[in-house]
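Engineer: The structure is given below, and queries will be raised subsequently.
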Amino acid sequence: PLVTSTEMFKKAYDGGYAIGAFNVNNMEIVQGITEACQEEHAPVILQVSKGARAYANHTYLVKLVEAAVECCPDIPIVLHLDHGPDFETCKSCIDGGFTSVMIDASGKPFAENIEITKKVVEYAHDHGVVVEAELGTLAGIEDEVKVAAHEASYTRPEEVEEFVSKTGCDSLAIAIGTSHGAYKFKPEQCTRNEKGILVPPPLRFDVLEEVSKRLPGFPIVLHGSSSVPQEYVKMVNEFGGQMPNAIGVPEEQLRQAAKLSVCKINIDSDLRLAMTGTIRKFMAEHPDKFDPREYLKPARANIKELVRHKLVDVLGCAGKA
Ligand code: G3H
Ligand code: 13P
Ligand code: NA
Ligand code: ZN
């Protein structure tokens with residue numbers, strides 16, 4: 001069924017696991033994700049960005065998710081707005097069938113973030129919809145990382161209690177060193193292990209711990225949590241792509257976060273990589289084929305297996321539906 005994340009997060013918090021929040025943009029992505037979740041009995045959050053709504057159209061995405069809800073009767077599914085930029089976008093999704101919205105005013109000053117978030121929470125709660133908010137900024141961390149002042153980008157634990165109590169938000173996204181996209185760390189920030197593989201600097205678990213202490217029982221969200229599987233980076237590069245130094249968050253750290261107060265882990269780039277790598281390979285190996293179904297089928301299958309791996313081996317939410 002289509003649900004809010006309230007019950008999901010409560011169970012995840014108490015059970016020491018996290019729900020996967022996967023971005024959806026088209027039918028094959030929705031199917032790949034939800035087929036894995038149905039087979040693994042995992043609750044799931046399907047999230048739609050402003051860009052996804054611009055690409056696919058709000059109604060198409062809602063109907064695709066409704067189809068998934070019908071085809072996966074055994075699992076709870078949340079339809080969530082990812083990075084809602086303003087009240088109007090959130091309102092449009094609340095009125096248009098979403099069960100959860102994110103208002104991302106994290107780029108605004110603290111007081112303004114509170115004001116905007118509070119307004120969204122009031123409207124959302126009146127309509128039975130839950131709200132994720134954000135404190136701290138993910139973007140730009142990479143660029144500033146060598147400067148001591150980059151500390152300012154991380155969530156300031158001393159602000160979280162006031163923010164949550166004044167806004168009434170239902171979950172909180174924090175910045176502890178992740179970032180969006182396939183290039184999360186610069187090679188010069190990384191060290192090399194025995195095998196010569198780049199190892200990025202660890203996430204700031206001290207910040208997460210401090211936040212959790214101040215917000216006991218409150219669900220925390222991690223954005224920018226793709227691990228950028230090197231298997232797919234290699235596939236992309238082997239078949240005509242150019243993604244040098246693509247690097248993500250090691251899965252071991254996501255596993256650790258999922259056991260703590262983190263209840264929602266956002267993954268988009270990994271799905272994009274699986275899809276693009278698979279299609280590049282297919283195209284290179286079958287230059288004569290031109291039926292889109294032939295390359296979208298293996299792309300969808302690989303998204304499904306990637307999501308299955310996340311549910312079972314990283315998030316710990318398999319069997320929790
Ligand atoms: O946070 C960003 C998500 O990966 C969505 O990306 O805005 O390109 O749809 P997008
Ligand atoms: P990735 O780019 O790491 O997949 O993060 C996605 C995300 O945070 C969507 O909100
Ligand atoms: Na957790
Ligand atoms: Zn995000």
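Engineer: Charges only on Cβ, +1 for Lys and Arg, -1 for Asp and Glu: so what's the dipole of region 65-133 about the Cα centre, in debye to the nearest 20? Please report the intermediate quantities before stating the final value.
Structural biologist: On the way: 4 positive and 13 negative charges, 41 e Å.
With only Lys, Arg, Asp and Glu charged at Cβ, the dipole is about 200 debye.
Engineer: If exposed trypsin sites (Lys or Arg not before Pro) are those in a DSSP loop with at most 16 other Cβ within 10 Å, what is the longest stretch of the chain that has none? Let's see the in-between values first.
Structural biologist: Working: sites that count: LYS146, LYS195, LYS289.
The answer is 1-145.
Engineer: Based solely on C-alpha atoms, express the radius of gyration and the Dmax of the chain in angstrom.
Structural biologist: Computed over the Cα atoms of the chain, radius of gyration and Dmax are 19.1, 61 Å.
Engineer: Could you state the per residue volume, in Å³, of the convex hull enclosing the Cα atoms of region 258-321? If you can, show how the numbers build up before the last one.
Structural biologist: On the way: hull volume 5.7 nm³, N = 64.
Dividing the Cα hull volume of region 258-321 by its residues yields 88 Å³.
Engineer: What ranking do CYS90, CYS190 get, fewest neighbouring Cβ atoms within 10 angstrom at the top? Could the numbers behind the result be given before it?
Structural biologist: Numbers: CYS90 26, CYS190 15.
Least crowded to most crowded, the residues run CYS190, CYS90.
Engineer: For the chain, set up a Gaussian network in which alpha carbons nearer than 10 Å are linked by springs, and say which option among ALA133, ALA175, ALA246 fluctuates the most.
Structural biologist: Maximum fluctuation in the GNM of the chain, among the listed residues, is at ALA246.
Engineer: About the Cα centre, and with charges only on the beta carbon of Lys, Arg (+1) and Asp, Glu (-1), how big is the dipole of region 238-278? Nearest 20 debye, please.
Structural biologist: On the way: 4 positive and 5 negative charges, 44 e Å.
My answer is approximately 220 debye.
Engineer: Still on this structure, please answer the following. Lys/Arg Cβ at +1, Asp/Glu Cβ at -1, dipole of the chain taken about the Cα centre: which of ASN237, ASN57, VAL221 is farthest positive-ward?
Structural biologist: Checked the options; the winner is ASN237.
Engineer: Okay, moving on. Quick check on the exposure proxy: order SER269, SER226, SER165 from fewest to most C-beta atoms within 10 angstrom.
Structural biologist: Details: SER269 23, SER226 26, SER165 11.
Ordered from fewest to most neighbouring Cβ atoms within 10 Å, SER269, SER226, SER165 come out as SER165, SER269, SER226.
Engineer: List every residue whose amide H lies under 5 Å from the amide H of ALA173, counting only residues 5 or more places away in sequence or on a different chain, with H placed 1.01 Å from N in the peptide plane.
Structural biologist: ALA133, GLU134, LEU135, VAL221
Engineer: What's the long-distance tail for region 28-82, i.e. % of Cα pairs beyond 17 Å? Don't skip to the answer; put the middle values down first.
Structural biologist: Numbers: 438 of 1485 pairs.
Summing the P(r) tail past 17 Å for region 28-82 gives 29 percent.
Engineer: Once every DSSP H run of n ≥ 4 in the chain is given -39500 (n - 2.57) and the sum is divided by its residues, what mean residue ellipticity at 222 nm do you get, rounded to the nearest 500 deg cm²/dmol?
Structural biologist: Details: 13 runs with 149 residues, N = 321.
For the chain, the value works out to -14000 deg cm²/dmol.
Engineer: Scan region 247-308 for chymotrypsin sites (Phe, Trp or Tyr not before Pro) in coil per DSSP, keeping those whose Cβ has at most 10 other Cβ atoms within 10 Å, and list them by number. Show your work: numbers first, answer last.
Structural biologist: Working: sites: PHE282, PHE290, TYR295; in loops: PHE290.
Here the chymotrypsin sites (Phe, Trp or Tyr not before Pro) that fit, given the DSSP loop and packing criteria, are PHE290.
Engineer: Also: Only four residue types carry charge here, +1 at the Cβ of Lys and Arg and -1 at the Cβ of Asp and Glu. Report the dipole size of the chain about the Cα centre in Debye, rounded to the nearest 20.
Structural biologist: On the way: 34 positive and 46 negative charges, 100 e Å.
So the magnitude is around 480 debye.
Taken together, the values in this text are just the output of simple stated rules run on the coordinates, not laboratory data. Not measured: the values here are computed from a predicted model. Cβ: placed from backbone, ideal geometry, glycine included. Neighbour counts: every protein chain shown.
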